[in-house]
Amino acid sequence: EASILGVINGRIPPVVSIRGVEWFETIDTNQQNSLDIDVVMSADRSSGYTWTLEYGLGNDPRRWETISSGEGSQAFEGNLATLDLTTIPKVSIAEPEYSETIVERLDRVYQPAVTLRLKVLDNDGVMGEMRKTFFVYPDEDTKEGFPIRLSGSAEASSIMIDMDGDQVFEIIAADASG
């Protein structure tokens with residue numbers, strides 16, 4: 001109901017979108033030590049806006065660190081900031097306990113989670129906000145060139161087969177893009 005009333009009253013929030021990192025993507029700090037944060041933001045119904053880009057750690061961040069902030073009067077699309085991933089605390093995921101609850105499991109597996117939060121406040125006092133979560137996890141066992149980003153989601157199980165007869169299995173993964 002509040003959204004409908006906002007539209008009726010002309011209080012439509014600014015456009016806010018975080019790009020440059022995929023939802024729940026895992027970034028291996030042995031292969032990448034910074035993240036370019038690309039965004040789209042605009043407040044077309046107002047004379048300008050202020051913005052704040054922050055990050056928080058864990059499953060449900062309660063504390064936020066400012067990456068950058070500023071103001072604008074035009075739509076913006078591009079690189080807003082770069083996050084130094086070496087400043088993110090390294091964590092290891094503990095082995096599960098048999099009796100852990102769902103909330104305890106989420107807290108455990110989300111320890112390496114980083115959530116970006118971009119808040120845009122237009123000059124009329126209307127706020128737009130977006131969050132996006134990814135993981136920062138150094139993995140000593142990651143092979144060069146991996147992980148491979150697929151162009152579609154991969155719900156089907158992968159299979160291993162020696163396609164070329166060289167006694168080495170290839171991994172075959174079908175994704176939703178065909």
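The values are calculated or read from the model by the stated rules, or taken from the named source; none is laboratory data. All values derive from a computational prediction rather than experimental measurement. When we count neighbours, we look across all protein chains shown, and the Cβ atoms used for this are built from the backbone with ideal geometry, even at glycine. Each accessible area value is taken on the protein alone, full model and side chains, heavy atoms only, with ligands, DNA and RNA left out. Shrake-Rupley method; radii C 1.70, N 1.55, O 1.52, S 1.80 Å.
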Exercise for the section: Kindly establish whether N30 is in contact (Cβ under 8 Å) with a residue 60 or more places away in the chain, surrounded by fewer than 18 Cβ atoms within 10 Å (Cβ to Cβ) and not in a strand (DSSP E or B). Expected result: yes
Exercise for the section: Only one of these is open to solvent by 60 Å² or more (accessible area, probe 1.4 Å), among the charged types (D, E, K, R), free of Cβ contacts under 8 Å to residues at least 60 places away in the same chain and part of a loop (DSSP other than H, G, I, E, B): E144, E140. Name it. Expected result: E144
Handout entry: Subset of region 54-91 (residues that are closer than 27 Å to I102 by Cβ and assigned to a loop (DSSP other than H, G, I, E, B))
Key = G58, N59, D60, P61, R62, R63, W64, I88, P89, K90, V91
Problem - Evaluation of V21 against (1) closer than 14 Å to K132 by Cβ; (2) outside any loop (DSSP other than H, G, I, E, B) (one fails), failing number - result: (2)
Handout entry: Residues located in region 1-18, provided they are exposed (fewer than 12 other Cβ atoms within 10 Å of the Cβ) and either hydrophobic (A, V, I, L, M, F, W, C) or in a strand (DSSP E or B) (or both)
Key = A2, I4, L5, V7, I8
Handout entry: From T142, T115, residue being under 30 Å from R45 (Cβ atoms) and polar (S, T, N, Q)
Key = T115
Handout entry: Residue check, T82 under 19 Å from the mean Cα position of the chain (by Cα) and either surrounded by fewer than 17 Cβ atoms within 10 Å (Cβ to Cβ) or touching a residue at least 24 places away in the same chain (Cβ under 8 Å) (or both)
Key = yes
Completion exercise
Considering region 92-131, residues that are part of a strand (DSSP E or B) and open to solvent by 70 Å² or more (accessible area, probe 1.4 Å), and then whichever is farthest from Q74 (Cα to Cα), we arrive at R131
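Condition check ((1) within 23 Å of D28 (Cα to Cα); (2) within 17 Å of the chain's Cα centre (by Cα); (3) of a type in the set (D, E, K, R)) across all residues:
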{"residue": "P138", "(1), (2), (3)": "yes, yes, no"}
{"residue": "A156", "(1), (2), (3)": "no, no, no"}
{"residue": "V168", "(1), (2), (3)": "no, no, no"}
{"residue": "I171", "(1), (2), (3)": "yes, no, no"}
